[in-house]
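> I have a structure I would like to understand better, so I am pasting it below and will then ask my questions one at a time.
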Amino acid sequence: MNKLRRSILLVGMLCALVLPQAALAAPVTNVQPPAGPPGTSFLFFASGFAANERVGIWLNAPDGQVVPASAPELRHTNAYGDASWTWTAPDNAIDGAWQMVIHGIQSTQTQVIPFTIGQVAPPAGTEQPSGVAPAHGVPGTLFRFYATGFEFREPIGITVRGPSGVLEHPIVSNPNAAGPEGRIDGSWTSPTDATPGAWQIVVRGSNSEVERTISVAIDPAPTSPPAQLAVSPTTGTPGARFVFSASGFHANEHISVWLNLPNGRVQEARIEGRAQAGPDGHAGWGWIAPSDAPLGTWQMVAHGRDSGIEVVATFVVQ
């Protein structure tokens, strides 16, 4: 009896030690951006799987259909059971609430990540002839707009005006003609050097001569500290996952990254995520040190392809 009691106490002590650790390891999911129109590239993250576990992904569409999905960069989780991947919504994706599902083959763990695909819509209960979101933003912001009142299949022309006059060669995405309900949906990416002030997106029907003027505002670019690249953790073993956070790059700028090894050699960096700055000049990605990584001081280098800005983060593999 005493032996049995000691065994029960031992099991209870082990459970008391294990359960709090499990609570700390609650799965985490995230998607950026949480919403966007067809053509948007969504970045997903999920944790809580087994280390180096094979995973599969699929999508639940708003109409209840299961849509197969694939991500070439997603073979298995990393050494910490985390996974990150990108998926680009096709141009014919239906609007509504979507779900990205990731499933662990060995653990049978399943994570569901909700997100939204949709165009800008008029406010509920109103019949606005045009609209835009966001209404203002810093240089480099993507403005999504709609306009109504045109003829079906009518050719549409779009011009953009700013404080200095008509903008030459604006980066505009839109169908060439109005839809069945006389509506057009499009987007305009403001230049990274756009002058702060009032801007107008002018949509005009070539047959009906209907014209919609959509007003937006370009805010002054915030004064930011010098570009930098941070890393966490700063020290890790082979197989460890290092997370890098960059700032100070141009809006939406593509970034080249590589590694300087302890022996002075330069090596390609196979990163998790995407090395591209957002409208605020920030970017982030992950990198897993190979199991045979040389021990010593490493450097991750990030180089802005447009700005020429170059920053370095130093860390140690030991």
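> Suppose the chain between residue 168 and residue 32 were pulled fully straight at 0.36 nm per residue; how much longer would it get relative to their current alpha carbon spacing?
45.8 nm
> Give me the net charge of residue 302's neighbourhood, meaning all other residues with Cβ under 15 Å from the Cβ of residue 302; Lys, Arg count +1, Asp, Glu -1.
Overall, the nearby charge balance is -2.
> To continue, here is another question. For the chain, with all protein chains present and a 1.4 Å probe, just round the carbon and sulfur fraction of the accessible area to a whole percent.
The C+S portion of the solvent-accessible surface of the chain is 55 percent.
> Another question, if that's okay. Along segment 60-65, what does the Karplus equation 6.51 cos²θ - 1.76 cosθ + 1.60 (θ = phi - 60°) give for ³J(HN,Hα), rounded to whole Hz, x for Gly and Pro?
Karplus values, whole Hz, x for Gly and Pro: 9, 7, x, 8, x, 6.
> As a test of understanding, state the convex hull volume per residue of the chain from its alpha carbons, in Å³.
Taking the convex hull of the Cα positions in the chain, it is 197 Å³ per residue.
> What is the diffusion coefficient of segment 161-318 in µm²/s, taking the Kirkwood radius over Cα pairs and the Stokes-Einstein relation at 25 °C with a viscosity of 0.890 mPa s?
Using the Kirkwood radius from Cα pairs, D works out to 131 µm²/s.
> Dipole of the chain, Cα-centred, from +1 at each Lys and Arg C-beta and -1 at each Asp and Glu C-beta, to the nearest 20 debye?
Charge dipole, the chain, about its Cα centre: 1420 debye, nearest 20.
> May I pose another question? Taking R0 as 22 Å, what FRET efficiency do you get between residue 177 and residue 86 from their Cβ-Cβ distance, rounded to the nearest 0.05?
The pair residue 177/residue 86 has a calculated efficiency of 0.10.
> Continuing with the same structure: Would you kindly derive the ³J(HN,Hα) couplings of segment 300-311 from the backbone phi angles with the Karplus curve 6.51 cos²θ - 1.76 cosθ + 1.60 (θ = phi - 60°), listing them in order in whole Hz, with x for Gly and Pro?
9, 10, 10, 10, x, 5, 9, 7, x, 5, 9, 10
> May I ask you to evaluate 6.51 cos²θ - 1.76 cosθ + 1.60, the Karplus curve with θ = phi - 60°, for each residue of segment 260-277 and list the ³J(HN,Hα) values in order in whole Hz, giving x for glycine and proline?
The phi angles translate into 9, 7, x, 8, x, 6, 9, 9, 4, 9, 8, 9, 9, x, 10, 8, 8, 6 Hz.
> Nearest 20 debye, what's the magnitude of the dipole of segment 173-318 about its Cα centre given +1 on Lys and Arg Cβ and -1 on Asp and Glu Cβ?
340 debye
> Let me test this: with uniform point scatterers at the alpha carbons of segment 29-118, what is the Debye-based log₁₀ I(q)/I(0) at q = 0.13, 0.21, 0.25 1/Å?
These q points yield log10 I(q)/I(0) values of -0.39, -0.96, -1.27.
> Across 10 Å bins from 0, what is the distribution of all Cα-Cα pair distances for segment 101-200, in whole percents?
So the P(r) values, bin by bin, are 13, 35, 26, 13, 10, 3, 0.
> Something else now. Rolling a 1.4 Å sphere over the protein heavy atoms, what is the accessible area per residue of the chain, to the nearest Å²?
Per residue, the chain has 55 Å² of solvent-accessible surface.
> Need the full-extension length gain, residue 268 to residue 135, defined as separation in residues times 0.36 nm minus the C-alpha distance. One decimal, nm.
43.8 nm
> Got a sec? Charge dipole of the chain, +1 on Cβ for Lys and Arg, -1 for Asp and Glu; which of 165, 190, 92 is way out at the positive end?
So the residue furthest toward the plus end is 92.
The values are calculated or read from the model by the stated rules, or taken from the named source; none is laboratory data. As the structure is a computational prediction, the values presented were derived from the model and not from experiment. Because the Cβ atoms are built from the backbone with ideal geometry, glycine has one as well, and the counts that use them run over all protein chains shown. Surface accessibility is based on the protein's heavy atoms, side chains included, excluding ligands, DNA and RNA. Shrake-Rupley method; radii C 1.70, N 1.55, O 1.52, S 1.80 Å.
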